[in-house]
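In what follows, a single structure is set out as C-alpha cells and then discussed.
The values are calculated or read from the model by the stated rules, or taken from the named source; none is laboratory data. On a predicted model such as this, the values are computed, not experimentally measured, just so you know. Every residue, glycine as well, gets a Cβ built from its backbone with ideal geometry; the counts of neighbours run over all protein chains shown.
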Amino acid sequence: MKPKNALTIILLLLLSAGLVSALSGCYGIPTGTTAEATVGQLQLKASGAGIVKANAQKTTFKIRCAVCSFQTEEITINTPKPGDPYVLDWICPNCGHGQRIVIEAFAQ
C-alpha cells in the first residue's frame, strides 16, 4: 500500500469516527442520575434523560443535550403508569438541538 493511500484511509476513518460520535451524542445522561429506577413494583426507564429520584407519585429527571452537553435543572412530573409513557420533544436552549425524552414504566 502506498503511503498516500494509507493517509487517505486514516483520514477517512477519523472523519467517520467524528461523525458517528456527533450523531450519537457522546455526552450521555447527566451526572448524578440513572437511566433506570425501581419504584415499588414499577421499573422506570428513561431515554434522552436521567432519573434523579422517583416515587409512586412523582419522578424527577434532568436532560443533557447530546450535542453541546447543556444540562437542565431538575424537572418533576407525575410518575408514568405502565402503557402510558411520558414523552417530551425538548429543544436545547443553548444550541437548538431537538431530543425526544421518554420515561416509561414497566410492571415487574
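Structure data summary
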read-out: In segment 62-91, residue surrounded by the most Cβ atoms within 10 Å (Cβ to Cβ) [restricted to those that are farther than 15 Å from F106 by Cβ and basic (K, R)]; value: R64
read-out: Looking only at segment 37-61, and only at residues there that are without any contact (Cβ under 8 Å) to a residue 24 or more places away in the chain and not hydrophobic (A, V, I, L, M, F, W, C), the one that is surrounded by the most Cβ atoms within 10 Å (Cβ to Cβ); value: G50
read-out: Check on Q43, within 13 Å of the chain's Cα centre (by Cα) and not in a loop (DSSP other than H, G, I, E, B); value: no
read-out: Test for Y86: is it modelled with pLDDT under 95 and on the phi < 0 side of the Ramachandran plot; value: no
read-out: Failed criterion for I91 (all others in (1) at pLDDT 95 or above; (2) of a type outside the set (S, T, Y); (3) over 18 Å from G40 (Cβ atoms); (4) under 12 Å from the mean Cα position of the chain (by Cα) hold); value: (4)
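Residue-wise test of (1) farther than 14 Å from A105 by Cα; (2) modelled with pLDDT of 90 or more; (3) among the charged types (D, E, K, R).
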site	(1), (2), (3)
P3	yes, no, no
I10	yes, no, no
V39	no, yes, no
A46	no, yes, no
A49	yes, yes, no
